[in-house]
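Below is one structure, written out as structure tokens; comments come after it.
Values in this text are rule-based calculations from the coordinates and carry no lab data. This structure is a prediction, so every number in the text was calculated from the model and none was measured. Cβ: placed from backbone, ideal geometry, glycine included. Neighbour counts: every protein chain shown.
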Amino acid sequence: MNRGSYLILNNERLADGVFEIVLEAPEIAARAVPGQFVNLYLPGGAMLLPRPLGIADVSPPRTVTLVYAVVGAGTERLSQLPAGRRICAMGPLGNGFLAKIRFTRLLLIGGGMGAAPLRFAARRFREPVHSELYIEAFLGFAAEPWGLASFGAACDHVHVASDTQGAAAFHGTVVDLLEKRGRFCSSPGAGGTLALACGPMPMLKAAAAWCEARGIPLRVSLEARMGCGYGACASCTCETTAAQRKKICTDGPCFDAEEILW
Ligand code: FES
């Protein structure tokens, strides 16, 4: 992992209460894989603990994009930092999605800020070596959707559930949306599909049950409050099928869904 002071290239609003910050961070960009995260430290100690933010995109060799929600004084301050300032960051952290199986179809299931690491996954898996891959995204937003253009550019189909859109939008959970529109997944030919999911725990639990019922392997990225972000404080553990609790920051944040005790 690298820790350094990085130049802010852009910091702008994506949607109501959601911002995107782009850093010139070549050491992080060179090594990051989808599912990993970065710790951001505000100047002047405005946040006591670093903010762990899933990497939303990387443009090698130099830039790293992170998406964050403004939820308190720390992230409010972060949203006001202009391009040209520097910010301390550490990363890449965590294990990433690390797909260990062969697959021809990729199913992305995201809720709220959990869409961020899936955006990086969509882009990375869309790169030329994977050009035959079919990618379908199911995204749920309790508030204004964001990042849909990026998903649209990388995915074959993007489905959105949102409670804030007009009457034409799908209203319900992202798993309701999967049930209604994820038709290819429920066919007998669903073999060759890998699912990746990130979002709130209830959504992940429902997605895990949905995938298990269809025999679709699922990797989940867990969200957690973190102290250090690199295995030193034990503030981020989760229960798994292993004998001991695992640390989300270093053993994860990505796990096989069947490892997690839901
Ligand atoms: Fe400190 Fe995971 S956040 S061990």
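For the chain, the orientation-averaged shadow of the C-alpha convex hull comes to 13.5 nm² (one quarter of the hull surface).
Charge tally around residue 147: other residues with Cβ under 9 Å, Lys/Arg +1 each, Asp/Glu -1 each, net 0. Every helix of 4 or more DSSP H residues in the chain counts as -39500 (n - 2.57), and over all residues that averages to -5500 deg cm²/dmol at 222 nm. Measuring gaps between exposed loop sites in the chain (GluC sites (Glu not before Pro); DSSP loop; at most 14 other Cβ atoms within 10 Å), the longest gap, sites not included, is 1-131. Each label was represented as a point 7 Å from its Cα along the Cα-to-Cβ direction; for residue 133 and residue 261 these points are 3.3 nm apart.
For residue 144, the residues whose amide H sits under 5 Å from its own are 16, ignoring neighbours fewer than 5 places away on the same chain, with H placed 1.01 Å from N.
A Förster radius of 22 Å, combined with the Cβ-Cβ distance separating residue 48 from residue 86, puts the computed FRET efficiency at roughly 0.65. Our coupling estimate for the range 224-236, obtained by passing each phi through the Karplus curve with A = 6.51, B = -1.76, C = 1.60 and θ = phi - 60°, is 7, 6, 10, x, 8, x, 9, x, 9, 10, 6, 8, 10 Hz, Gly and Pro reported as x. With the simple model of a label 7 Å out from the Cα in the direction of the Cβ, residue 176 to residue 1 spans 3.9 nm. Put simply, the amide H of residue 235, placed in the peptide plane, has neighbours under 5 Å in 227, 228, leaving out anything fewer than 5 places away on its chain.
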